[in-house]
Amino acid sequence: MSAIAITQLPDDPVIACSNCAACCCQLEVMLITDTGVPQRFIDTDDWGGEVMRRLDDGWCAALDRDSMRCTIYEVRPLICREFETGSPECRDERRTMGTIYR
């Protein structure tokens, strides 16, 4: 009888839309350009700047909680467009929210 090989899972797994969990959707997102974000998703911060509205649970109002995907992806803010899945910034956020991924 031969032994079954132990598979080593990578320490730093590939991050894709299917396993993202949208941790960046708990960050404050300033609106610095007009991309067409619907007004119902826009709030004003303490300094008068426009930001993405966050609900009482801390998540972005535009996030679909069932799929954990953006409901306004085509018109998402510039900051969201530049925050790439799997980028160093993304990985840093995932590390700070480690309990979500366990």
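The values are calculated or read from the model by the stated rules, or taken from the named source; none is laboratory data. It should be emphasised that the depicted structure is a prediction, and the values quoted were computed from it without experimental measurement. With ideal geometry, Cβ positions are generated from the backbone for all residues, glycine too; neighbour counts draw on all protein chains shown.
Does region 61-73 hold any residues that are in contact (Cβ under 8 Å) with a residue 12 or more places away in the chain and not aliphatic (A, V, I, L, M), and which are they? It would help to see each step written out before you state the result.
Step one: filter region 61-73 for residues in contact (Cβ under 8 Å) with a residue 12 or more places away in the chain, giving 61-63, 68-70, 72.
Within region 61-73, Arg69, Cys70 qualify.
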Open item on the list: I want to confirm something. Restricting to region 52-74 and keeping residues that are of a type in the set (A, V, I, L, M) and crowded, with 16+ Cβ neighbours inside 10 Å, which single residue is nearest to Thr35 (Cα to Cα)?
Closed with: Ile72
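Being of a type in the set (Ser, Thr, Tyr) and over 14 Å from the mean Cα position of the chain (by Cα) is the filter here; which residues of region 46-102 pass it?
Thr99
Quick one: in region 1-39, of everything that is part of a loop (DSSP other than H, G, I, E, B) and hydroxyl-bearing (Ser, Thr, Tyr), which residue is modelled with the lowest pLDDT?
This residue is Thr7.
So which of Gly58, Gly86 ends up being without any contact (Cβ under 8 Å) to a residue 60 or more places away in the chain and among the small types (Gly, Ala, Ser)?
On the way: Gly86 fails: without any contact (Cβ under 8 Å) to a residue 60 or more places away in the chain.
Exactly one of Gly58, Gly86 is without any contact (Cβ under 8 Å) to a residue 60 or more places away in the chain and among the small types (Gly, Ala, Ser), namely Gly58.
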TODO: From Asp92, Asp66, Asp57, grab the single residue that is assigned to a helix (DSSP H, G or I) and within 17 Å of Ala22 (Cα to Cα).
DONE: Asp92
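Restricting attention to region 38-51, does a residue exist that is closer than 14 Å to Phe83 by Cβ, surrounded by 11 or more Cβ atoms within 10 Å (Cβ to Cβ) and not hydroxyl-bearing (Ser, Thr, Tyr)?
Going through region 38-51, the residues closer than 14 Å to Phe83 by Cβ turn out to be none.
The answer is no; no qualifying residue exists.
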